[in-house]
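The block underneath contains the structure these notes are about, expressed in structure tokens.
The values are calculated or read from the model by the stated rules, or taken from the named source; none is laboratory data. Note that this is a predicted model, so its numbers are computed, not measured. Quick reminder, even Gly has a Cβ in these numbers, built from the backbone with ideal geometry, and neighbours come from all protein chains shown.
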Amino acid sequence: AQSVTQPDIHITVSEGASLELRCNYSYGATPYLFWYVQSPGQGLQLLLKYFSGDTLVQGIKGFEAEFKRSQSSFNLRKPSVHWSDAAEYFCAVGHSGTYKYIFGTGTRLKVLA
Amino acid sequence: DAGVTQSPTHLIKTRGQQVTLRCSPKSGHDTVSWYQQALGQGPQFIFQYYEEEERQRGNFPDRFSGHQFPNYSSELNVNALLLGDSALYLCASSFPGLPNEQFFGPGTRLTVL
């Protein structure tokens with residue numbers, strides 16, 4: 001069965017520091033991969049997605065992610081974090097045989113001034 | 001261009017009652033998915049509606065049912081509410097094919113007492 005693992009429940013970084021949030025998935029074929037961000041009490045906003053092609057994907061707000069098939073990973077990165085990036089981040093996976101997306105349990109990001 | 005809208009924002013019910021949540025998709029979208037997000041968890045897929053039919057369902061009991069109207073809006077109904085049904089209910093809209101990206105609404109916070 002498909003699954004998504006976000007190993008880090010909480011991450012704290014200083015403003016201006018770089019960020020990497022980890023995501024590992026379990027699925028045999030090429031997955032569809034997503035990163036969403038959720039501010040407290042809000043819905044989910046799509047940061048970026050990977051369907052096929054170039055494995056380095058650029059998203060909104062300066063985020064990027066890299067699909068590594070050999071590691072079954074889709075880690076999210078940002079070179080310099082801003083205080084407004086504090087939120088919860090979710091990785092999600094789908095594939096061609098289903099309309100259902102599986103979400104990880106999320107990583108809560110705290111940004112220190 | 002209106003995004004996904006959901007109503008009501010918050011709802012308080014007691015055990016055993018029934019609830020109806022509503023969703024209007026993003027302009028141009030005709031497919032609606034519903035997710036349940038318990039506190040501290042990632043969203044879990046309930047079902048997806050397309051052409052007024054449920055075309056895929058997650059691991060939720062029959063107490064959870066839905067409907068899609070000709071204007072593509074959708075309702076989620078939950079009968080015989082349990083305390084464990086307390087959660088944020090998210091609606092997402094998309095185009096019908098795969099792969100696609102799902103656009104989420106702000107959610108309805110349901111509290112069951």
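Miscellaneous remarks
- From B:93, B:65, residue being of a type in the set (Ser, Thr, Tyr), surrounded by 19 or more Cβ atoms within 10 Å (Cβ to Cβ) and in contact (Cβ under 8 Å) with a residue 12 or more places away in the chain: B:93
- The set of residues from segment A:9-39 being within 11 Å of chain B (Cβ to nearest Cβ), modelled with pLDDT under 95 and surrounded by fewer than 13 Cβ atoms within 10 Å (Cβ to Cβ) comprises just one member, A:39.
- Only residues that are in contact with a strand residue (DSSP E or B) (Cβ under 7 Å, 6 or more places away or on another chain) and either in a loop (DSSP other than H, G, I, E, B) or within 10 Å of another protein chain (Cβ to nearest Cβ) (or both) were counted in segment B:73-84, giving 3.
- Within segment B:85-111, if we keep just the residues that are among the aromatic types (Phe, Trp, Tyr) and touching a Ser or Thr at 6+ places or on another chain (Cβ under 8 Å), the residue that is nearest to the other protein chains (Cβ to nearest Cβ) turns out to be B:103.
- Residue count, segment B:6-43 (criterion: within 8 Å of chain A (Cβ to nearest Cβ) and surrounded by fewer than 18 Cβ atoms within 10 Å (Cβ to Cβ)): 2
- Number of residues in segment A:93-112 that are more than 14 Å from chain B (Cβ to nearest Cβ) and either buried (at least 20 other Cβ atoms within 10 Å of the Cβ) or touching a helix residue (DSSP H, G or I) at 6+ places or on another chain (Cβ under 6 Å) (or both) equals 2.
- Residue check, residue A:90 within 11 Å of chain B (Cβ to nearest Cβ) and modelled with pLDDT of 95 or more: yes
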